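**Student:** Dumping the structure here so I can ask a few things about it.
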Amino acid sequence: MTPKEYLRQAYRLNERINSHIEELENLRSLSTRIQGVSYGEHIHSPNRPTDAPFTKVLFKIMEYQERINHEIDALVELKAEMEDAIEKLSNVDERLLLRYRYMDNQSWEEIGVLLNASVRTVHRIHSAALHHFSVPK
């Protein structure tokens, strides 16, 4: 895996988590809707479920929340590992640039302002940082 591929993992994982959280909110919204009441004659059958209809949705929400929590744990571990790897770079500008770009997901222009450098210089520092960066085993 190249340094760039390794460093991009955090962004992709973060986007996946955000997508899951949005879906979870949709499920929660669905769970609060009230279903219509049937006033017809109820036929009691041993095969007919007796649970309230929203209980299935609640169980799905709980399962989904657990999956999101596992992914958040993985993101936290990955970011900590990335932080350690970035800190091993000797050049301060390279460390800052990698942190701004891959940990904070900032644009090249924003990084240029933060480093008080032109976008061309930012790209040069980025290239050097990737060259000096070692992907953890």
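**Student:** For the range 91-117, how many residues meet the condition of being among the hydroxyl-bearing types (Ser, Thr, Tyr) and either open to solvent by 80 Å² or more (accessible area, probe 1.4 Å) or touching a residue at least 12 places away in the same chain (Cβ under 8 Å) (or both)?
**Tutor:** The total comes to 2.
**Student:** If you don't mind, there's one more thing I want to ask. Run Arg120 past the list (1) open to solvent by less than 100 Å² (accessible area, probe 1.4 Å); (2) of a type outside the set (A, V, I, L, M); (3) out of contact with any helix residue (DSSP H, G or I) (no Cβ under 8 Å at 6 or more places or on another chain); (4) at pLDDT 95 or above and report the number of the one that doesn't hold.
**Tutor:** (1)
**Student:** Ile68 is checked against (1) in contact with a Lys or Arg (Cβ under 7 Å, 6 or more places away or on another chain); (2) surrounded by 15 or more Cβ atoms within 10 Å (Cβ to Cβ) and fails just one. What number does that condition carry?
**Tutor:** (1)
The values are calculated or read from the model by the stated rules, or taken from the named source; none is laboratory data. Remember, predicted model here, so these are calculated numbers, not experimental data. Please note: Cβ atoms are built from the backbone with ideal geometry, for glycine as well, and neighbour counts cover all protein chains shown. When the accessible area is computed, the model is the full protein with side chains, heavy atoms only, and any ligands, DNA or RNA have been set aside. Shrake-Rupley method; radii C 1.70, N 1.55, O 1.52, S 1.80 Å.
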